[in-house]
1. Can you tell me which residue within the stretch 69-85, out of those that are over 8 Å from the mean Cα position of the chain (by Cα) and closer than 18 Å to residue 39 by Cβ, is surrounded by the fewest Cβ atoms within 10 Å (Cβ to Cβ)?
2. If you scan the stretch 31-40, which residues turn out to be surrounded by 18 or more Cβ atoms within 10 Å (Cβ to Cβ) and either in contact with a Gly (Cβ under 9 Å, 6 or more places away or on another chain) or within 18 Å of residue 73 (Cβ to Cβ) (or both)?
3. State yes or no: is residue 95 modelled with pLDDT of 95 or more, in contact with a helix residue (DSSP H, G or I) (Cβ under 7 Å, 6 or more places away or on another chain) and among the polar types (S, T, N, Q)?
4. If I ask for residues that are farther than 18 Å from residue 77 by Cβ and part of a loop (DSSP other than H, G, I, E, B), which ones from the stretch 41-58 would you list?
5. Inside the stretch 59-107, can you point out the residues that are in contact (Cβ under 8 Å) with a residue 40 or more places away in the chain and not in a strand (DSSP E or B)?
6. Could you tell me whether any residue of the stretch 14-30 is closer than 15 Å to residue 98 by Cα and at pLDDT 95 or above?
Amino acid sequence: MSKLLFHIFWLPLVALMLIPDCTLWAQPLPNLQGKWICFGPCQKPGQPVFIDQAGNELHFYNEVGDVSVGKFQDPNKVVASGWNLTGTIKPDGQSINWANGTIWSRQ
């Protein structure tokens with residue numbers, strides 16, 4: 001009986017923890033797709049940057065053409081794993097404040 005309870009209750013929970021990018025957020029993900037402008041300590045302030053979005057998966061293109069894959073940590077935070085950076089999305093969705101002080105604002 002105890003083995004049966006283990007399989008019924010614990011295995012599904014363990015499986016959920018092992019599924020990568022399991023999005024169980026209450027609020028929907030914002031649409032970040034498109035052209036943005038880089039401000040702050042960018043290599044070329046005022047130049048366009050871009051984000052491609054497919055669900056939780058993101059591709060960030062900076063002002064000098066460098067690319068990083070990324071994803072949402074939650075609906076208000078993104079990670080550019082190739083650049084080892086996190087960014088916080090402002091509540092209005094019009095800017096991303098990166099941990100290095102760079103700001104991307106909607107075009």
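The values are calculated or read from the model by the stated rules, or taken from the named source; none is laboratory data. As the structure is a computational prediction, the values presented were derived from the model and not from experiment. Note: ideal-geometry Cβ built from the backbone for every residue, glycine included; neighbour counts use all protein chains shown.
1. Ranking the candidates gives 85 first.
2. Keep residues of the stretch 31-40 that are surrounded by 18 or more Cβ atoms within 10 Å (Cβ to Cβ), which gives 32, 36, 38.
Correct list: 32, 38.
3. Numbers: modelled with pLDDT of 95 or more: yes; in contact with a helix residue (DSSP H, G or I) (Cβ under 7 Å, 6 or more places away or on another chain): no; among the polar types (S, T, N, Q): yes.
No.
4. 41, 42, 43, 44, 45, 46, 47
5. 75, 93, 100, 101, 102, 107
6. The initial filter retains those residues of the stretch 14-30 that are closer than 15 Å to residue 98 by Cα, namely none.
No - not one qualifying residue is present in the stretch 14-30.
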